[in-house]
Amino acid sequence: MRKIVHIDMDAFYASVEQRDNPALQGLPVVVAWKGPRSVVCAASYEAREFGVHSAMSVARALRLCPQACYVAPDFNRYREVSRQVRQIFARHTDLIEPLSLDEAYLDVTSNKRGLASATEVAQVIRAEIQAETGLTASAGVAPNKFLAKIASDWNKPDGLFVLRPRDVAAFLAPLPVRKVPGVGKVMQARLQALGIETVGDLGEHPVAQLEQLFGRYGRRLHELSRGIDDRAVQADQVAQQVSAETTFENDLLLADLLPTIDLLAQRVWEQGSRKRGIGRTVTLKLKTDRFRILTRSLTADGPPTSAAALASVARRLCERVGLPAATRYRLVGVGMSNFPEPHEVQRQPPLFAWDESQAADTMAPLSGLTPDAV
């Protein structure tokens with residue numbers, strides 16, 4: 001049986017800002033670019049008390065918490081702190097799967113320091129993070145990735161929660177069904193229409209009906225409701241694609257997705273910079289309120305030259321969706337693939353040199369990160 005630890009830095013970007021500027025400590029801090037179409041990158045716990053959260057529009061955040069301190073993001077600084085944290089992880093295990101700058105899965109079934117338990121590993125890691133970075137992290141310890149991620153959120157901020165195999169069924173049964181990854185407000189309403197209110201209800205529901213209604217995701221829902229998740233921690237695998245996606249609390253029109261697309265593009269750019277470089281293919285993924293999934297992709301001779309250029313192409317792909325203007329969407333994702341080989345070190349043409357004769361517009365799959373990664 002695996003021993004998995006999920007580490008999640010607490011309000012990471014905002015906490016870095018508060019650490020580096022003592023005048024911000026104890027105040028509501030919102031990390032975001034200025035502008036009416038911008039979205040929140042992160043919110044401190046003081047700001048969250050007013051209902052502000054990541055991926056929310058800055059306009060709405062200002063209405064909820066006008067007294068907050070709004071700080072422009074500094075991703076170079078956040079990446080440096082993330083590298084520090086990753087070095088701490090590496091003291092304990094080589095099986096590390098980063099999900100973003102601020103969270104990662106660790107397989108500590110066998111740990112480098114010979115600590116007695118996964119719980120002790122998580123405790124030591126959290127203490128080292130605080131001592132060396134001045135920041136706090138929460139951790140979940142469980143027999144698989146799905147359960148570890150839920151557990152890390154259980155005692156936030158600065159908390160630790162251990163979910164032992166014998167306790168899984170009793171722990172999951174009373175949880176609201178929205179705790180299952182991918183279950184947003186729309187899916188929650190559809191499940192409630194079937195009489196499914198809790199994870200326990202989901203586990204008792206006939207899997208055949210779930211599959212009939214939701215396809216393969218229906219079976220996945222059923223497995224997760226039983227605490228089943230066989231995914232291994234993928235350490236330093238060669239990425240064929242990097243992507244990020246988010247599910248909205250309320251379904252949105254296509255035009256309303258643009259600020260979130262910009263934020264997702266920034267995160268994809270960061271992932272690509274860490275993993276494989278910058279790819280020549282940009283993909284936009286959408287899921288409608290009726291659970292129809294569409295993707296649009298564009299491939300050019302050269303990769304994008306910046307996160308802004310990547311976002312610009314993803315925005316352009318919105319023009320090729322081809323659905324009625326009244327269509328609403330519950331999920332949006334941005335991906336990048338078709339990476340250069342290691343020997344391809346020469347300067348490539350900039351993305352804005354693309355034209356329609358050079359590019360191939362295709363339907364392509366896009367595998368996203370965990371929901372609410374934004």
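The values are calculated or read from the model by the stated rules, or taken from the named source; none is laboratory data. No experiment lies behind these values; they were computed from the predicted model shown. As a convention, Cβ positions derive from the backbone with ideal geometry for all residues, glycine included, and neighbour counts pool all protein chains shown.
Do we have Val58 as under 20 Å from Leu263 (Cα atoms), of a type outside the set (Ser, Thr, Tyr) and outside the structural domain of Val268 (by TED's automatic domain parsing) here?
Details: under 20 Å from Leu263 (Cα atoms): yes; of a type outside the set (Ser, Thr, Tyr): yes; outside the structural domain of Val268 (by TED's automatic domain parsing): yes.
Answer is yes for this residue.
Step by step: first the residues of the stretch 65-98, then only those that are under 21 Å from the mean Cα position of the chain (by Cα) and basic (Lys, Arg), then the one that is nearest to Arg2 (Cα to Cα). Which residue is that?
Going through the qualifying residues, I end up with Arg86.
Among (1) without any contact (Cβ under 8 Å) to a residue 60 or more places away in the chain; (2) hydrophobic (A, V, I, L, M, F, W, C); (3) part of a loop (DSSP other than H, G, I, E, B); (4) in contact with a strand residue (DSSP E or B) (Cβ under 7 Å, 6 or more places away or on another chain), where does Leu135 come up short?
Every condition holds for Leu135 apart from (1).
Filter the stretch 10-24 down to residues that are assigned to a helix (DSSP H, G or I), touching a residue at least 12 places away in the same chain (Cβ under 8 Å) and either farther than 23 Å from Ala151 by Cβ or within 17 Å of the chain's Cα centre (by Cα) (or both), then give me how many there are. Walk me through it before giving the result.
Keep residues of the stretch 10-24 that are assigned to a helix (DSSP H, G or I), which gives 12-20, 22-24.
Keeping just the survivors that are touching a residue at least 12 places away in the same chain (Cβ under 8 Å) gives 12-20, 24.
Okay, now just the ones that are also either farther than 23 Å from Ala151 by Cβ or within 17 Å of the chain's Cα centre (by Cα) (or both), so 12-14, 16-20, 24.
Count: 9.
Looking at the stretch 163-174 only, could you name the residues that are crowded, with 18+ Cβ neighbours inside 10 Å and closer than 21 Å to Val124 by Cβ? I'd like the intermediate steps shown before the answer.
Step one: of the stretch 163-174, the residues crowded, with 18+ Cβ neighbours inside 10 Å are 163, 171-172.
Hit for the stretch 163-174 is Leu163, nothing else.
Can you pull out every residue in the stretch 259-293 that is in a loop (DSSP other than H, G, I, E, B) and either under 28 Å from Arg83 (Cβ atoms) or not aromatic (Phe, Trp, Tyr) (or both)? Steps first, please.
Filtering the stretch 259-293 for residues in a loop (DSSP other than H, G, I, E, B) gives 275-280, 289-292.
Matches in the stretch 259-293: Lys275, Arg276, Gly277, Ile278, Gly279, Arg280, Asp289, Arg290, Arg292.
Here is a yes/no grid of residues against (1) without any contact (Cβ under 8 Å) to a residue 40 or more places away in the chain; (2) assigned to a strand (DSSP E or B); (3) surrounded by fewer than 15 Cβ atoms within 10 Å (Cβ to Cβ):
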| residue | (1), (2), (3) |
| --- | --- |
| Val121 | no, no, no |
| Ala151 | no, no, no |
| Lys156 | no, no, no |
| Val183 | yes, no, no |
| Gln192 | yes, no, yes |
| Ile196 | yes, no, no |
| Glu211 | yes, no, no |
| Gly218 | yes, no, no |
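Scan Leu294, Leu284, Leu254 and give me the residue that is within 22 Å of Pro181 (Cβ to Cβ), of a type in the set (A, V, I, L, M, F, W, C), more than 19 Å from the chain's Cα centre (by Cα) and at pLDDT 90 or above. Before the answer, list the steps.
Details: Leu284 fails: more than 19 Å from the chain's Cα centre (by Cα); Leu254 fails: within 22 Å of Pro181 (Cβ to Cβ).
Just a single option satisfies the conditions, and that option is Leu294.
Out of all the residues in the stretch 294-310, is one or more under 29 Å from Arg328 (Cβ atoms) and in a loop (DSSP other than H, G, I, E, B)?
Checked against the condition, which is being under 29 Å from Arg328 (Cβ atoms) and in a loop (DSSP other than H, G, I, E, B), the stretch 294-310 yields at least one hit.
Which residue is nearest to the chain's Cα centre (by Cα), if the candidates are limited to the stretch 315-356 and must be more than 14 Å from Leu294 (Cα to Cα), modelled with pLDDT of 80 or more and of a type in the set (Gly, Ala, Ser)?
Ser337
Here's a check for you: in the stretch 46-85, which residue that is among the charged types (D, E, K, R), modelled with pLDDT under 95 and closer than 30 Å to Phe146 by Cβ is surrounded by the most Cβ atoms within 10 Å (Cβ to Cβ)?
Just the residues of the stretch 46-85 that are among the charged types (D, E, K, R), to begin with: 46, 48-49, 60, 63, 74, 77, 79-80, 83.
Now restrict to residues that are modelled with pLDDT under 95: 60, 63, 74, 77, 79-80, 83.
Of the ones still in play, those that are also closer than 30 Å to Phe146 by Cβ are 79, 83.
On the way: Arg79: 14, Arg83: 11.
Here the answer is Arg79.
I need a count of the residues in the stretch 289-311 that are in contact with a Pro (Cβ under 7 Å, 6 or more places away or on another chain) and over 20 Å from Arg267 (Cβ atoms).
Total satisfying the criteria: 2.
I'm checking my understanding of the structure. Among residues of the stretch 220-258 that are in contact with a Leu (Cβ under 7 Å, 6 or more places away or on another chain) and either assigned to a helix (DSSP H, G or I) or basic (Lys, Arg) (or both), which one is surrounded by the fewest Cβ atoms within 10 Å (Cβ to Cβ)?
His222
Given the residues Arg79, Arg83, Arg63, which is the only one that is within 21 Å of Ala265 (Cα to Cα), free of Cβ contacts under 8 Å to residues at least 12 places away in the same chain and of a type in the set (Lys, Arg)?
Details: Arg79 fails: free of Cβ contacts under 8 Å to residues at least 12 places away in the same chain; Arg63 fails: within 21 Å of Ala265 (Cα to Cα).
Exactly one residue qualifies, and that residue is Arg83.
Residue check, Thr136 against (1) surrounded by 14 or more Cβ atoms within 10 Å (Cβ to Cβ); (2) within 25 Å of Arg220 (Cβ to Cβ), all met but one. Which one?
(2)
Looking only at the stretch 158-177, count how many residues are aliphatic (A, V, I, L, M) and assigned to a helix (DSSP H, G or I). Reasoning before the result, please.
The initial filter retains those residues of the stretch 158-177 that are aliphatic (A, V, I, L, M), namely 160, 162-163, 168-170, 172-173, 175, 177.
Adding the requirement that they be assigned to a helix (DSSP H, G or I) leaves 168-170, 172, 177.
Result for the stretch 158-177: 5.
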